[in-house]
């Protein structure tokens, strides 16, 4: 039976690259995004490759959308082997310093980038616990490991995500479920254009940063949990 990989925020950037990567690996896919047009384009491409894919328009930070997406996936495939919490937002662009950060925007970024992965993981975990196997991969950032001026709520939200990852990894340490995080580094994406509008240096192609996700989704990573891996270093070392 094929592995079932669930990816949030899968219509663009890294999420889209991961969808194509796991399709090429022969996996069944469940993907979601808020925008229907780009999501359906990805779905059609994957179906043309011969893969089984479920694509649901959903906001991975809204509990009722998460329930619908996960329930549909479990009904369609019967299981979820791998969850990649990729969906996130940047917040205001250009990003203001924290002293100038609007409260509403700060709370929204925190909600989407840290509470969202909590909600999705909490909903997916019971099925993984029932089978006593599974892999959860959270997408973090260098700004979630070191505080940088001007990265505002985005950086703070990724710090929260890293704490969530480490805490859950410890809580699941006596099971066969592993939870890790990947820092993809700076990538050529729409989000990075908003974050660094005047970028004058070369950026990584998201399609070149997928190998580490394949490793963490595979049986090769059994026993690896609570780790933080830099995708660009993994790619170079691999």
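Taken together, the values in this text are just the output of simple stated rules run on the coordinates, not laboratory data. These figures come from a predicted structure and were not determined experimentally. Note that we place each Cβ from the backbone using ideal geometry, even for glycine, and neighbour counts take in every protein chain shown.
Summed over qualifying helices (DSSP H, 4 residues or more, each -39500 (n - 2.57)) and divided by its residue number, the chain shows a 222 nm mean residue ellipticity of -13500 deg cm²/dmol. Among 157, 61, the ranking by other beta carbons within 10 Å of each residue's beta carbon, starting with the fewest, stands as 61, 157. Classified by the C-alpha gyration tensor, segment 91-166 has a prolate form. Its axis ratio a/c, with a ≥ b ≥ c, is 1.5 or above, and a/b is larger than b/c.
Taking the longest Cα principal axis of the chain as reference, the axis of helix 63-77 is set at about 30 degrees.
The packing ranking of peptides 221-233, 129-141, 82-94, highest mean first, is 82-94, 129-141, 221-233, where packing means the average number of other beta carbon atoms within 10 angstrom of each residue. The label-point distance for residue 208 and residue 104, in a model that sets each label 7 Å from Cα toward Cβ, rounds to 4.1 nm. Look at 64, 12 and count the other Cβ atoms within 10 Å of each Cβ; fewest to most, that gives 64, 12. Spatially, segment 40-115 and segment 1-25 are offset by 13 Å when compared through their Cα centroids. Kirkwood analysis of the Cα pair distances in the chain returns a hydrodynamic radius of 17.8 Å. Where does helix 116-131 land angle-wise versus the long Cα axis of the chain, in degrees 0 to 90, nearest 10? Helix 116-131 sits roughly 20 degrees off the main axis of the chain.
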